[in-house]
Amino acid sequence: MSLPPLLPVAEIHRRLQDIFPEGTTNRNYVTREMAARTIFVMLYIGAIDYLDFWLRPDQVTRMSDKQAALESDLSRDDWREQSMRSRKDDIAGRWYAANTREPIRDETLRDGLVRTGAVIERTGLPTTSPLPRYALSEDFANLFEPKLTETELAAAIERWQEACLSPGALARVEIMRRGAVAVGGKVLVTFPNKETRQMEPGPSSVISKAVVEEFAPRFLKNPGVIWLSESRNQVVARDDQLAQAIGLTIQPDRNLPDLILVDLGPSEPLVVFVEVVATAGPVSEPRKEALMAIATDARFNPNQVAFVTAYADRDDSAFKASVSELAWNSFAWFMSEPDSILELREGVDSAQLRLSDRAPSE
């Protein structure tokens with residue numbers, strides 16, 4: 001059986017952006033150039049499940065532009081064999097240094113393409129075996145057929161996503177997709193009392209909308225919105241009547257957060273300060289202290305105050321860049337996974353809190 005036709009790395013890279021949209025778990029691992037080059041090498045040697053050829057990660061590091069240009073089946077078969085042999089001399093123009101095989105193996109393959117079902121692993125090999133073990137699934141490999149028109153490609157990608165991405169991953173992708181669409185026009189926010197407000201388009205507004213419409217009803221018993229602001233217009237909405245009812249004085253000239261929510265469900269109201277992070281600005285320790293001062297000035301006890309940093313997605317660069325700044329005794333919430341919340345707890349008594357006691361139940 002002949003080897004599959006080849007697609008340039010640049011075109012593989014372009015298609016990967018559509019195959020794995022925003023919200024895909026570990027999206028960077030499966031859409032960066034390293035992923036495109038890994039897929040190219042798998043196609044080059046015929047590492048597709050129905051051909052019974054397999055890839056070893058260090059083969060990707062040994063590829064070069066000069067070799068990639070040799071597209072005959074004979075050249076590809078010869079290189080497949082040669083690239084498996086041990087060699088001490090340097091490879092002119094190699095794509096990656098030899099030690100790059102580790103991120104190719106651990107990130108691009110194991111935590112990226114294998115998890116999505118795009119790549120399969122050879123069964124029956126010991127973990128330490130040096131034999132090649134990775135191959136493209138046939139359906140995924142077909143997405144890189146050079147003759148596909150844009151219409152045919154879009155339809156093929158949609159079919160693959162429906163069949164191969166998990167329901168949770170698809171839901172996450174859809175949430176992120178809807179958020180991206182909302183960036184193009186005014187963002188309409190519906191408050192818990194059913195009133196609506198319009199915010200200027202942008203990623204921060206989309207996350208703010210999700211905090212009000214998705215986070216608040218999930219994590220607060222009887223939610224209300226006291227304050228909502230945005231970068232272009234500091235005050236989008238404020239409920240002075242609700243604020244006064246709980247003794248909180250809103251002063252716009254103070255260093256206020258993006259949102260102030262209140263939960264009227266408990267016997268004592270809970271004030272929730274929320275920072276929306278599209279690029280920067282999480283609830284850090286200094287920020288937490290400043291926000292706590294607003295609450296204590298209104299005579300709230302610290303146990304009546306909560307702090308939340310809201311992000312679009314765990315895989316988003318904004319979260320990765322700011323996670324180390326997050327304050328202890330605060331929460332992080334992700335628009336793409338609305339039913340889950342990350343808690344950062346400080347000073348936990350390890351004698352009273354064992355991991356075995358918090359293990360997920362079946």
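The values are calculated or read from the model by the stated rules, or taken from the named source; none is laboratory data. Computed from a predicted model, the values in this text were never measured in an experiment. Cβ sites come from the backbone with ideal geometry, for glycine too, and all protein chains shown count toward neighbours. Side chains are part of the model used for accessible areas, which takes the heavy atoms of the whole protein and leaves out ligands, DNA and RNA. Shrake-Rupley method; radii C 1.70, N 1.55, O 1.52, S 1.80 Å.
Brief remarks follow.
- Matching residues, the range 250-287, being more than 22 Å from A210 (Cβ to Cβ) and in contact with a Phe, Trp or Tyr (Cβ under 7 Å, 6 or more places away or on another chain): I250
- Restricting the range 55-112 to residues that are hydroxyl-bearing (S, T, Y) and out of contact with any strand residue (DSSP E or B) (no Cβ under 7 Å at 6 or more places or on another chain), the residue that is farthest from A36 (Cα to Cα): S86
- The residue list E275, E289, E285 contains one member that is without any contact (Cβ under 8 Å) to a residue 12 or more places away in the chain and charged (D, E, K, R), which is E289.
- Within the range 177-200, the set of residues being modelled with pLDDT under 85 and part of a loop (DSSP other than H, G, I, E, B) comprises V183, G184, G185, K186, E200.
- Within the range 16-52, the set of residues being over 23 Å from L165 (Cα atoms), at pLDDT 95 or above and not small (G, A, S) comprises V41, Y44, I45.
- Single residue of the range 79-106 satisfying the filter (open to solvent by 70 Å² or more (accessible area, probe 1.4 Å) and closer than 25 Å to T31 by Cβ) that is nearest to the chain's Cα centre (by Cα): R105
- Note on the range 273-290: residues that are under 18 Å from E230 (Cβ atoms) and at pLDDT 90 or above amount to 8.
- Filtered residue count, the range 148-158, keeping only those that are touching a residue at least 12 places away in the same chain (Cβ under 8 Å) and over 25 Å from R122 (Cα atoms): 3
- Output for the range 41-78, where each listed residue is surrounded by 16 or more Cβ atoms within 10 Å (Cβ to Cβ) and over 18 Å from V9 (Cα atoms): D49, L51, F53, W54, R56
- Only a single item in (1) open to solvent by less than 60 Å² (accessible area, probe 1.4 Å); (2) of a type in the set (D, E); (3) at pLDDT below 80 is not met by E174, and it is number (1).
- Identity of the residue in the range 313-324, farther than 20 Å from V348 by Cβ and either touching a Pro at 6+ places or on another chain (Cβ under 9 Å) or assigned to a loop (DSSP other than H, G, I, E, B) (or both), that ends up most open to solvent (accessible area, probe 1.4 Å): R314
- Selection within the range 329-346 - without any contact (Cβ under 8 Å) to a residue 60 or more places away in the chain, exposed (fewer than 13 other Cβ atoms within 10 Å of the Cβ) and part of a loop (DSSP other than H, G, I, E, B): S340, R345, E346
- For T149, the test of being closer than 17 Å to Q17 by Cα, surrounded by fewer than 17 Cβ atoms within 10 Å (Cβ to Cβ) and modelled with pLDDT of 75 or more is passed.
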